[in-house]
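Notes for the one structure printed next.
The values are calculated or read from the model by the stated rules, or taken from the named source; none is laboratory data. Source: prediction; values computed, not measured. Cβ sites come from the backbone with ideal geometry, for glycine too, and all protein chains shown count toward neighbours. Surface accessibility is based on the protein's heavy atoms, side chains included, excluding ligands, DNA and RNA. Shrake-Rupley method; radii C 1.70, N 1.55, O 1.52, S 1.80 Å.
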Amino acid sequence: MEETRVKRRIVLVPVPAQGHVTPMMQLGKALQSIGFSITVVQTQYNRVTSSKDFSDFRFLTIPGSLTDSDLKNLGALQFLLKLNQTCGESFKHCLGQLLKEQDNNDDIACVIYDEYMYFSQAATKEFQLSSIVFSTTSATAFVCRSVLAKVNAEVFLIDIKDPELQDKVFPGLHPLRYKDLPTSAFGPLESLLKLYSEVVNTRTASAVIVNSVSCLESSSLTWLQRELQVPVYPIGPLHIAASAPSSLLEEDRSCIEWLNKLKPSSVVYISLGSLALMETKDMLEMAWGLSNSNQPFLWVIRPGSIPASEWTESLPEEFTKLVSEKGYIVKWAPQMEVLKHPAVGGFWSHCGWNSTLESIGEGIPMICRPFTGDQKVNARYLESVWRIGFQLEGELEKGTVERAVKRLFVDEEGAEMRKRAIGLKEKLEASVRSGGSSFRSLDDFVNSLKMKNSM
Ligand code: UDP
(Lines give C-alpha, C1' and ligand atoms only; values in the text may rest on other atoms or scores of the structure.)
Protein backbone atom coordinates (compact mmCIF):
# COMPACT_ATOMS: atom_id res chain seq x y z
CA MET A 1 0.00 0.00 0.00
CA GLU A 2 1.26 3.47 -0.83
CA GLU A 3 2.40 5.36 2.25
CA THR A 4 0.50 8.54 3.08
CA ARG A 5 2.94 11.42 3.27
CA VAL A 6 1.63 14.58 4.87
CA LYS A 7 3.00 17.75 3.37
CA ARG A 8 4.06 20.12 6.09
CA ARG A 9 4.93 23.54 4.70
CA ILE A 10 2.31 26.24 4.26
CA VAL A 11 3.00 29.41 2.30
CA LEU A 12 1.17 32.52 3.49
CA VAL A 13 0.66 35.65 1.39
CA PRO A 14 -0.61 38.57 3.54
CA VAL A 15 -1.79 42.00 2.39
CA PRO A 16 0.81 44.52 3.61
CA ALA A 17 -1.52 46.33 6.03
CA GLN A 18 -1.86 45.95 9.79
CA GLY A 19 -5.46 44.73 9.78
CA HIS A 20 -4.52 41.92 7.36
CA VAL A 21 -1.03 41.06 8.57
CA THR A 22 -2.17 40.46 12.16
CA PRO A 23 -4.79 37.75 11.45
CA MET A 24 -2.55 36.13 8.82
CA MET A 25 0.29 35.81 11.32
CA GLN A 26 -2.17 34.46 13.90
CA LEU A 27 -3.28 31.89 11.35
CA GLY A 28 0.38 31.00 10.78
CA LYS A 29 0.87 30.50 14.52
CA ALA A 30 -2.27 28.37 14.80
CA LEU A 31 -1.09 26.15 11.94
CA GLN A 32 2.45 25.99 13.30
CA SER A 33 1.14 24.81 16.67
CA ILE A 34 -0.36 21.77 14.96
CA GLY A 35 2.82 20.86 13.17
CA PHE A 36 3.10 22.89 9.96
CA SER A 37 6.13 24.97 9.08
CA ILE A 38 5.34 28.44 7.83
CA THR A 39 6.80 30.51 5.02
CA VAL A 40 5.54 34.08 4.67
CA VAL A 41 5.87 35.75 1.28
CA GLN A 42 5.73 39.52 1.62
CA THR A 43 5.95 42.59 -0.55
CA GLN A 44 8.57 45.26 0.09
CA TYR A 45 6.08 47.48 1.81
CA ASN A 46 5.11 47.02 5.50
CA ARG A 47 7.10 43.86 6.15
CA VAL A 48 6.80 41.84 9.33
CA THR A 49 10.29 41.21 10.61
CA SER A 50 11.53 37.91 11.84
CA SER A 51 11.37 38.69 15.57
CA LYS A 52 11.64 36.21 18.42
CA ASP A 53 7.88 35.61 18.12
CA PHE A 54 8.35 34.28 14.61
CA SER A 55 11.83 32.80 14.86
CA ASP A 56 10.56 29.54 13.31
CA PHE A 57 8.84 31.26 10.39
CA ARG A 58 10.65 31.81 7.14
CA PHE A 59 10.16 35.23 5.54
CA LEU A 60 10.66 35.89 1.83
CA THR A 61 10.25 39.20 0.01
CA ILE A 62 8.95 39.54 -3.52
CA PRO A 63 11.40 41.83 -5.28
CA GLY A 64 10.23 44.75 -7.37
CA SER A 65 6.87 45.07 -5.65
CA LEU A 66 5.33 48.42 -4.71
CA THR A 67 6.63 50.54 -1.88
CA ASP A 68 5.50 53.01 0.77
CA SER A 69 5.63 55.98 -1.58
CA ASP A 70 3.47 54.10 -4.12
CA LEU A 71 0.80 53.72 -1.44
CA LYS A 72 0.90 57.46 -0.70
CA ASN A 73 0.74 58.41 -4.37
CA LEU A 74 -1.83 55.89 -5.53
CA GLY A 75 -4.18 55.65 -2.55
CA ALA A 76 -5.13 52.32 -0.96
CA LEU A 77 -7.53 51.10 -3.66
CA GLN A 78 -5.32 51.72 -6.69
CA PHE A 79 -2.38 50.41 -4.68
CA LEU A 80 -4.11 47.06 -4.23
CA LEU A 81 -5.13 46.85 -7.88
CA LYS A 82 -1.59 47.73 -8.97
CA LEU A 83 -0.06 45.30 -6.50
CA ASN A 84 -2.06 42.52 -8.09
CA GLN A 85 -1.04 43.60 -11.58
CA THR A 86 2.65 43.72 -10.74
CA CYS A 87 3.37 40.91 -8.28
CA GLY A 88 2.29 37.81 -10.23
CA GLU A 89 5.59 37.14 -11.99
CA SER A 90 7.85 37.72 -9.02
CA PHE A 91 5.61 35.56 -6.85
CA LYS A 92 5.83 32.79 -9.43
CA HIS A 93 9.59 33.05 -9.36
CA CYS A 94 9.62 32.97 -5.57
CA LEU A 95 7.33 29.93 -5.42
CA GLY A 96 9.41 28.20 -8.10
CA GLN A 97 12.55 28.70 -6.02
CA LEU A 98 10.83 27.31 -2.94
CA LEU A 99 9.73 24.21 -4.83
CA LYS A 100 13.24 23.65 -6.16
CA GLU A 101 14.60 23.69 -2.61
CA GLN A 102 12.07 21.34 -1.12
CA ASP A 103 12.86 17.80 -0.18
CA ASN A 104 10.52 14.99 0.63
CA ASN A 105 10.11 15.90 4.26
CA ASP A 106 9.26 19.48 3.73
CA ASP A 107 7.07 20.22 0.80
CA ILE A 108 4.22 22.61 0.27
CA ALA A 109 0.79 21.56 1.52
CA CYS A 110 -0.93 24.69 0.22
CA VAL A 111 -0.65 28.40 -0.42
CA ILE A 112 -2.98 30.51 1.74
CA TYR A 113 -3.37 33.99 0.34
CA ASP A 114 -5.30 36.99 1.57
CA GLU A 115 -8.34 37.44 -0.67
CA TYR A 116 -6.93 40.83 -1.74
CA MET A 117 -3.67 39.19 -2.94
CA TYR A 118 -5.44 37.32 -5.74
CA PHE A 119 -2.35 37.47 -7.99
CA SER A 120 -1.17 34.45 -5.98
CA GLN A 121 -3.65 32.18 -7.75
CA ALA A 122 -2.00 31.98 -11.16
CA ALA A 123 1.39 30.70 -9.98
CA THR A 124 -0.19 28.40 -7.42
CA LYS A 125 -2.28 26.85 -10.16
CA GLU A 126 0.67 26.60 -12.53
CA PHE A 127 2.66 24.63 -9.96
CA GLN A 128 -0.43 22.53 -9.20
CA LEU A 129 -0.44 23.51 -5.57
CA SER A 130 -3.57 23.70 -3.52
CA SER A 131 -4.66 27.31 -3.01
CA ILE A 132 -6.76 28.62 -0.17
CA VAL A 133 -8.35 32.05 0.18
CA PHE A 134 -8.12 33.70 3.58
CA SER A 135 -10.66 36.37 4.39
CA THR A 136 -9.62 38.71 7.21
CA THR A 137 -12.91 40.59 7.28
CA SER A 138 -16.29 39.49 8.58
CA ALA A 139 -18.27 36.88 6.67
CA THR A 140 -21.00 39.49 6.23
CA ALA A 141 -18.55 41.87 4.54
CA PHE A 142 -17.60 38.98 2.23
CA VAL A 143 -21.29 38.49 1.40
CA CYS A 144 -21.57 42.23 0.66
CA ARG A 145 -18.58 42.14 -1.68
CA SER A 146 -20.09 39.17 -3.51
CA VAL A 147 -23.42 40.94 -3.90
CA LEU A 148 -21.84 44.26 -4.94
CA ALA A 149 -19.58 42.54 -7.45
CA LYS A 150 -22.73 41.55 -9.34
CA VAL A 151 -24.80 44.74 -9.16
CA ASN A 152 -25.59 46.78 -12.22
CA ALA A 153 -22.81 49.32 -11.72
CA GLU A 154 -24.59 52.17 -13.50
CA VAL A 155 -27.71 51.88 -11.36
CA PHE A 156 -25.75 51.29 -8.18
CA LEU A 157 -23.54 54.34 -8.68
CA ILE A 158 -26.68 56.50 -8.73
CA ASP A 159 -28.57 54.71 -5.95
CA ILE A 160 -25.70 54.76 -3.48
CA LYS A 161 -25.67 58.57 -3.58
CA ASP A 162 -29.46 58.93 -3.31
CA PRO A 163 -30.25 60.50 0.10
CA GLU A 164 -33.74 58.93 0.05
CA LEU A 165 -32.28 55.44 -0.06
CA GLN A 166 -29.68 55.79 2.69
CA ASP A 167 -31.88 54.43 5.50
CA LYS A 168 -33.48 51.72 3.36
CA VAL A 169 -32.37 48.10 3.65
CA PHE A 170 -30.33 46.98 0.63
CA PRO A 171 -32.18 44.11 -1.14
CA GLY A 172 -30.92 40.75 0.08
CA LEU A 173 -28.61 42.17 2.74
CA HIS A 174 -30.90 42.69 5.73
CA PRO A 175 -30.24 44.43 8.17
CA LEU A 176 -27.71 46.43 6.15
CA ARG A 177 -28.95 49.70 4.72
CA TYR A 178 -27.53 51.50 1.71
CA LYS A 179 -25.45 53.67 4.05
CA ASP A 180 -23.94 50.57 5.71
CA LEU A 181 -22.55 49.09 2.50
CA PRO A 182 -18.77 48.69 2.29
CA THR A 183 -18.00 51.60 -0.02
CA SER A 184 -14.57 53.12 0.37
CA ALA A 185 -13.15 56.49 1.34
CA PHE A 186 -9.89 55.50 -0.35
CA GLY A 187 -10.85 55.71 -4.02
CA PRO A 188 -13.64 55.90 -6.61
CA LEU A 189 -16.56 53.47 -6.45
CA GLU A 190 -15.85 52.15 -9.96
CA SER A 191 -12.39 50.99 -8.83
CA LEU A 192 -13.88 49.45 -5.73
CA LEU A 193 -16.44 47.42 -7.70
CA LYS A 194 -13.63 46.27 -9.98
CA LEU A 195 -11.57 45.22 -6.99
CA TYR A 196 -14.54 43.41 -5.42
CA SER A 197 -15.23 41.43 -8.58
CA GLU A 198 -11.60 40.26 -8.57
CA VAL A 199 -11.58 39.51 -4.85
CA VAL A 200 -14.76 37.43 -4.76
CA ASN A 201 -13.70 35.44 -7.80
CA THR A 202 -12.19 32.54 -5.90
CA ARG A 203 -11.05 31.10 -9.25
CA THR A 204 -9.49 27.68 -8.65
CA ALA A 205 -9.15 28.02 -4.88
CA SER A 206 -10.12 24.85 -3.11
CA ALA A 207 -11.39 26.41 0.12
CA VAL A 208 -12.01 29.67 1.92
CA ILE A 209 -10.91 30.31 5.50
CA VAL A 210 -12.72 33.11 7.33
CA ASN A 211 -11.58 34.78 10.55
CA SER A 212 -15.07 34.56 11.97
CA VAL A 213 -17.21 32.27 14.02
CA SER A 214 -20.64 30.78 13.57
CA CYS A 215 -22.05 32.19 16.84
CA LEU A 216 -21.55 35.70 15.41
CA GLU A 217 -22.38 35.27 11.74
CA SER A 218 -24.24 32.06 11.20
CA SER A 219 -26.49 33.21 8.34
CA SER A 220 -23.70 34.98 6.40
CA LEU A 221 -21.50 31.89 6.74
CA THR A 222 -24.34 29.70 5.47
CA TRP A 223 -24.76 32.08 2.53
CA LEU A 224 -21.05 31.83 1.68
CA GLN A 225 -21.08 28.06 2.01
CA ARG A 226 -23.98 27.87 -0.44
CA GLU A 227 -22.69 30.40 -2.98
CA LEU A 228 -18.96 29.76 -3.11
CA GLN A 229 -19.13 26.06 -3.97
CA VAL A 230 -15.97 25.28 -2.05
CA PRO A 231 -15.73 24.49 1.67
CA VAL A 232 -15.80 27.53 3.93
CA TYR A 233 -13.94 27.21 7.24
CA PRO A 234 -14.82 29.77 9.94
CA ILE A 235 -11.94 29.34 12.36
CA GLY A 236 -11.93 32.61 14.30
CA PRO A 237 -11.46 34.63 16.27
CA LEU A 238 -7.84 33.81 15.62
CA HIS A 239 -6.52 36.23 18.23
CA ILE A 240 -8.01 34.04 20.97
CA ALA A 241 -6.66 30.83 19.49
CA ALA A 242 -3.13 32.07 18.70
CA SER A 243 -0.92 34.87 19.95
CA ALA A 244 1.17 36.45 17.19
CA PRO A 245 2.44 39.93 18.10
CA SER A 246 2.88 41.57 14.70
CA SER A 247 2.55 45.27 15.26
CA LEU A 248 3.99 47.28 12.38
CA LEU A 249 4.23 50.36 14.61
CA GLU A 250 6.00 50.63 17.93
CA GLU A 251 3.64 50.09 20.86
CA ASP A 252 3.74 52.62 23.69
CA ARG A 253 3.40 50.48 26.81
CA SER A 254 3.38 53.44 29.20
CA CYS A 255 -0.42 53.49 28.85
CA ILE A 256 -0.64 50.22 30.80
CA GLU A 257 0.95 51.92 33.82
CA TRP A 258 -1.50 54.78 33.40
CA LEU A 259 -4.42 52.30 33.27
CA ASN A 260 -3.12 50.54 36.38
CA LYS A 261 -4.02 53.60 38.46
CA LEU A 262 -7.64 53.74 37.36
CA LYS A 263 -10.89 52.20 38.62
CA PRO A 264 -12.29 49.04 37.03
CA SER A 265 -14.40 49.57 33.89
CA SER A 266 -13.96 53.35 34.01
CA VAL A 267 -11.80 54.14 30.97
CA VAL A 268 -12.91 54.86 27.38
CA TYR A 269 -10.32 53.45 24.99
CA ILE A 270 -10.28 55.30 21.67
CA SER A 271 -8.61 53.96 18.55
CA LEU A 272 -9.34 54.24 14.86
CA GLY A 273 -7.04 51.46 13.69
CA SER A 274 -4.21 51.74 11.21
CA LEU A 275 -5.77 53.65 8.29
CA ALA A 276 -8.69 55.87 9.36
CA LEU A 277 -8.26 59.65 9.38
CA MET A 278 -9.77 62.37 11.52
CA GLU A 279 -10.26 66.11 10.93
CA THR A 280 -8.88 68.66 13.39
CA LYS A 281 -12.34 70.07 14.15
CA ASP A 282 -13.64 66.57 15.01
CA MET A 283 -10.66 65.98 17.28
CA LEU A 284 -11.51 69.15 19.15
CA GLU A 285 -15.21 68.32 19.52
CA MET A 286 -14.24 64.89 20.77
CA ALA A 287 -11.78 66.32 23.29
CA TRP A 288 -14.49 68.68 24.63
CA GLY A 289 -17.10 65.90 24.81
CA LEU A 290 -14.74 63.46 26.50
CA SER A 291 -13.60 66.05 28.97
CA ASN A 292 -17.20 67.02 29.82
CA SER A 293 -18.19 63.37 30.25
CA ASN A 294 -15.79 63.17 33.18
CA GLN A 295 -14.78 59.66 32.19
CA PRO A 296 -11.01 58.98 31.91
CA PHE A 297 -9.89 58.16 28.38
CA LEU A 298 -6.94 56.57 26.61
CA TRP A 299 -6.69 57.92 23.07
CA VAL A 300 -4.55 56.48 20.28
CA ILE A 301 -3.66 59.26 17.86
CA ARG A 302 -1.68 57.59 15.11
CA PRO A 303 0.97 59.75 13.39
CA GLY A 304 -0.45 60.84 10.03
CA SER A 305 -4.08 60.28 11.04
CA ILE A 306 -4.85 64.01 11.07
CA PRO A 307 -4.62 65.23 7.47
CA ALA A 308 -1.73 67.61 6.76
CA SER A 309 -0.22 67.02 10.18
CA GLU A 310 2.69 64.82 11.23
CA TRP A 311 1.05 64.07 14.53
CA THR A 312 -0.85 66.45 16.86
CA GLU A 313 1.08 69.65 16.13
CA SER A 314 -1.81 71.14 14.13
CA LEU A 315 -4.18 70.90 17.10
CA PRO A 316 -4.71 74.10 19.10
CA GLU A 317 -3.43 74.62 22.65
CA GLU A 318 -7.03 74.15 23.84
CA PHE A 319 -6.85 70.47 22.83
CA THR A 320 -3.85 69.78 25.04
CA LYS A 321 -5.57 71.49 27.98
CA LEU A 322 -8.74 69.46 27.52
CA VAL A 323 -7.02 66.10 27.39
CA SER A 324 -4.41 66.74 30.05
CA GLU A 325 -6.71 66.28 33.03
CA LYS A 326 -8.51 63.02 32.36
CA GLY A 327 -6.87 61.73 29.22
CA TYR A 328 -3.74 59.94 28.09
CA ILE A 329 -2.53 59.98 24.49
CA VAL A 330 -0.29 57.48 22.74
CA LYS A 331 0.77 57.07 19.11
CA TRP A 332 0.08 53.33 19.10
CA ALA A 333 -1.09 51.10 21.94
CA PRO A 334 -0.70 47.40 22.76
CA GLN A 335 -4.42 47.16 21.93
CA MET A 336 -5.13 43.60 22.98
CA GLU A 337 -3.51 44.20 26.35
CA VAL A 338 -5.42 47.45 26.72
CA LEU A 339 -8.77 45.80 26.01
CA LYS A 340 -7.93 43.06 28.53
CA HIS A 341 -7.11 45.62 31.21
CA PRO A 342 -9.71 45.75 34.03
CA ALA A 343 -9.77 49.58 33.94
CA VAL A 344 -11.13 49.64 30.36
CA GLY A 345 -14.93 49.80 30.19
CA GLY A 346 -15.71 50.87 26.63
CA PHE A 347 -14.13 51.10 23.21
CA TRP A 348 -14.68 54.07 20.88
CA SER A 349 -13.76 52.37 17.64
CA HIS A 350 -13.73 52.69 13.88
CA CYS A 351 -14.98 49.07 13.95
CA GLY A 352 -12.28 47.39 11.87
CA TRP A 353 -12.92 43.65 11.99
CA ASN A 354 -9.89 42.88 14.18
CA SER A 355 -10.79 45.61 16.66
CA THR A 356 -14.38 44.35 16.68
CA LEU A 357 -13.32 40.76 17.42
CA GLU A 358 -10.77 41.89 20.00
CA SER A 359 -13.38 44.01 21.79
CA ILE A 360 -16.03 41.27 21.80
CA GLY A 361 -13.33 38.83 22.89
CA GLU A 362 -12.90 40.90 26.07
CA GLY A 363 -16.58 41.62 26.59
CA ILE A 364 -16.12 45.37 25.98
CA PRO A 365 -19.10 47.31 24.56
CA MET A 366 -18.43 49.83 21.82
CA ILE A 367 -19.15 53.32 20.58
CA CYS A 368 -19.07 52.83 16.82
CA ARG A 369 -17.71 55.50 14.54
CA PRO A 370 -16.95 53.68 11.27
CA PHE A 371 -14.78 55.49 8.78
CA THR A 372 -14.93 53.43 5.60
CA GLY A 373 -15.49 50.05 3.91
CA ASP A 374 -16.44 47.02 5.95
CA GLN A 375 -16.27 49.04 9.18
CA LYS A 376 -19.80 50.27 8.39
CA VAL A 377 -21.01 46.69 8.07
CA ASN A 378 -19.44 45.75 11.41
CA ALA A 379 -20.88 48.83 13.10
CA ARG A 380 -24.38 47.91 11.91
CA TYR A 381 -24.00 44.40 13.30
CA LEU A 382 -22.61 45.68 16.60
CA GLU A 383 -25.61 47.96 16.96
CA SER A 384 -28.52 45.98 15.61
CA VAL A 385 -27.57 42.28 15.60
CA TRP A 386 -25.28 41.72 18.59
CA ARG A 387 -26.55 44.87 20.37
CA ILE A 388 -23.29 45.52 22.19
CA GLY A 389 -22.67 48.99 20.85
CA PHE A 390 -24.26 51.93 19.11
CA GLN A 391 -23.33 54.15 16.22
CA LEU A 392 -22.49 57.79 16.44
CA GLU A 393 -23.63 59.17 13.12
CA GLY A 394 -23.39 62.57 11.46
CA GLU A 395 -21.27 65.54 12.48
CA LEU A 396 -19.26 65.11 15.66
CA GLU A 397 -20.35 67.64 18.25
CA LYS A 398 -19.19 67.91 21.86
CA GLY A 399 -22.71 67.43 23.26
CA THR A 400 -23.28 64.18 21.33
CA VAL A 401 -19.83 62.91 22.29
CA GLU A 402 -20.53 63.55 25.97
CA ARG A 403 -23.96 61.89 25.76
CA ALA A 404 -22.52 58.87 23.93
CA VAL A 405 -19.92 58.29 26.66
CA LYS A 406 -22.57 58.62 29.38
CA ARG A 407 -24.91 56.29 27.49
CA LEU A 408 -22.22 53.60 27.58
CA PHE A 409 -20.81 54.20 31.05
CA VAL A 410 -23.67 55.59 33.13
CA ASP A 411 -27.00 54.53 31.60
CA GLU A 412 -28.75 51.23 32.17
CA GLU A 413 -28.64 50.68 28.39
CA GLY A 414 -24.81 50.65 28.52
CA ALA A 415 -24.88 48.14 31.37
CA GLU A 416 -27.13 45.87 29.27
CA MET A 417 -24.72 46.13 26.35
CA ARG A 418 -21.85 45.18 28.64
CA LYS A 419 -23.76 42.11 29.85
CA ARG A 420 -24.45 41.00 26.30
CA ALA A 421 -20.80 41.61 25.34
CA ILE A 422 -19.66 39.39 28.23
CA GLY A 423 -22.09 36.71 27.08
CA LEU A 424 -20.60 36.84 23.59
CA LYS A 425 -17.04 36.77 24.97
CA GLU A 426 -17.86 33.45 26.64
CA LYS A 427 -19.28 32.07 23.40
CA LEU A 428 -16.19 33.12 21.44
CA GLU A 429 -13.90 31.48 23.97
CA ALA A 430 -15.93 28.27 23.83
CA SER A 431 -15.81 28.25 20.01
CA VAL A 432 -12.00 28.03 19.88
CA ARG A 433 -11.71 25.50 22.71
CA SER A 434 -11.49 21.80 21.98
CA GLY A 435 -14.87 20.71 20.57
CA GLY A 436 -15.97 24.29 19.77
CA SER A 437 -17.18 25.24 16.27
CA SER A 438 -14.02 27.09 15.19
CA PHE A 439 -11.78 24.45 16.70
CA ARG A 440 -13.59 21.76 14.71
CA SER A 441 -13.49 23.88 11.59
CA LEU A 442 -9.70 24.23 11.82
CA ASP A 443 -9.47 20.49 12.36
CA ASP A 444 -11.64 19.87 9.26
CA PHE A 445 -9.43 22.18 7.23
CA VAL A 446 -6.25 20.37 8.28
CA ASN A 447 -7.85 17.00 7.52
CA SER A 448 -8.86 18.22 4.08
CA LEU A 449 -5.19 19.03 3.38
CA LYS A 450 -4.13 15.55 4.45
CA MET A 451 -6.69 13.97 2.16
CA LYS A 452 -5.70 16.10 -0.80
CA ASN A 453 -2.00 15.55 -0.33
CA SER A 454 -2.22 11.80 0.11
CA MET A 455 -4.04 11.30 -3.18
N1 UDP B 1 -3.92 48.16 16.93
C2 UDP B 1 -2.90 48.17 17.86
N3 UDP B 1 -2.65 49.36 18.49
C4 UDP B 1 -3.35 50.48 18.25
C5 UDP B 1 -4.38 50.45 17.31
C6 UDP B 1 -4.65 49.25 16.67
O7 UDP B 1 -2.24 47.17 18.12
O8 UDP B 1 -3.03 51.50 18.86
C9 UDP B 1 -4.19 46.87 16.24
C10 UDP B 1 -5.51 46.26 16.67
O11 UDP B 1 -5.30 45.48 17.84
C12 UDP B 1 -5.94 45.48 15.45
C13 UDP B 1 -5.27 46.21 14.28
O14 UDP B 1 -4.32 47.09 14.84
O15 UDP B 1 -5.47 44.15 15.53
C16 UDP B 1 -6.25 47.05 13.48
O17 UDP B 1 -7.03 46.23 12.71
P18 UDP B 1 -8.54 46.58 12.40
O19 UDP B 1 -9.07 45.48 11.53
O20 UDP B 1 -9.29 46.82 13.64
O21 UDP B 1 -8.50 47.96 11.64
P22 UDP B 1 -7.66 48.51 10.38
O23 UDP B 1 -6.37 48.99 10.90
O24 UDP B 1 -7.52 47.38 9.40
O25 UDP B 1 -8.51 49.62 9.88
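Roll a 1.4 Å probe over the protein heavy atoms and report the accessible area of residue 311 in Å², nearest 10.
In the full protein context, residue 311 sits at about 70 Å².
Please work out the average accessible area per residue across the range 104-240, using the 1.4 Å probe convention, and give it in Å².
On a per-residue basis, 39 Å².
Work out the P(r) tail for the range 158-283: percent of alpha carbon pairs separated by more than 23 Å, whole number.
61
Does anyone have the angle between helix 139-148 and the longest principal axis of the chain? Alpha-carbon axes, 0 to 90°, nearest 10?
80
With both bridge residues required to lie in the chain, what share of the DSSP beta bridges run antiparallel, to the nearest 5%?
Here the share of antiparallel DSSP bridges comes out near 0 percent.
How large is log10 I(q)/I(0) at q = 0.06, 0.07, 0.10 Å⁻¹ when the Debye formula is applied to the Cα atoms of the chain, each weighted equally and without solvent?
-0.26, -0.35, -0.73
Could you tell me how many degrees, from 0 to 90 and to the nearest 10, lie between the Cα long axis of helix 280-293 and the main elongation axis, the longest principal axis, of the Cα atoms of the chain?
Tilt of helix 280-293: around 60 degrees.
What does the convex hull of the alpha-carbon atoms of the range 303-442 project to on average, in nm²?
Over every viewing direction, the Cα hull of the range 303-442 projects on average to 10.2 nm².
Could you tell me the calculated FRET efficiency between residue 321 and residue 100, based on Cβ-Cβ distance and R0 = 51 angstrom, to the nearest 0.05?
Step by step, r from the Cβ atoms, then E = 0.20.
State the percentage of accessible surface on the chain attributable to carbon and sulfur atoms; use a 1.4 Å probe and exclude ligands, DNA and RNA.
Ligands and nucleic acids excluded, carbon and sulfur reach 50 percent.
Per DSSP helix of 4 or more residues, -39500 (n - 2.57); summed, then divided by the residues of the chain. What does that give at 222 nm, rounded to the nearest 500?
-14000 deg cm²/dmol
Which sequence of 360, 158 reflects their accessible areas, 1.4 Å probe, from the largest down?
So, going from the largest accessible area down, we get 158, 360.
What's the tally of Lys pairs in the range 58-200 whose alpha-carbon atoms lie under 25 angstrom apart, where the two lysines are 8 or more places apart or on different chains?
Lysine pair count for the range 58-200: 20.
Could you give the length gained on full extension between residue 58 and residue 194, defined as 0.36 nm per residue of separation minus the Cα-Cα distance, in nm?
Full-extension gain reported as 45.7 nm.
With an 8 Å Cα cut-off and a minimum separation of 6 or more residues, compute the relative contact order for the chain in percent.
Computed value for the chain: 16 percent relative contact order.
Using square roots of five times the C-alpha gyration tensor eigenvalues, list the equivalent-ellipsoid semi-axes of the range 29-132 in whole Å, biggest first.
24, 17, 12
Within 15 Å, Cβ to Cβ, of residue 119, how many net charges do the neighbouring residues add up to if Lys/Arg are +1 and Asp/Glu are -1?
0
How big is the equivalent ellipsoid of the range 273-332 along its three axes, where each semi-axis is √(5λ) from the Cα gyration tensor, reported in whole Å from largest to smallest?
18, 12, 10
Calculate how steeply helix 189-199 sits against the longest principal axis of the alpha-carbon atoms of the chain, using the helix alpha-carbon long axis, and give the answer as 0 to 90 degrees to the nearest 10.
It is inclined by approximately 40 degrees.
Student exercise: in the range 296-416, how many lysine pairs 8 or more apart or on different chains have Cα atoms under 20 Å apart?
Eligible lysine pairs with Cα atoms under 20 Å apart amount to 6.
What translational diffusion coefficient, in µm²/s and rounded to a whole number, does the Stokes-Einstein relation yield for the range 363-455 at 37 °C and a viscosity of 0.692 mPa s, taking the hydrodynamic radius as the Kirkwood radius over Cα pairs?
Using the Kirkwood radius from Cα pairs, D works out to 209 µm²/s.
Counting only other residues whose beta carbon sits under 15 Å from that of residue 169, what net charge do I get with K and R as +1, D and E as -1?
Spelling it out: positives minus negatives among the neighbours equals -1.
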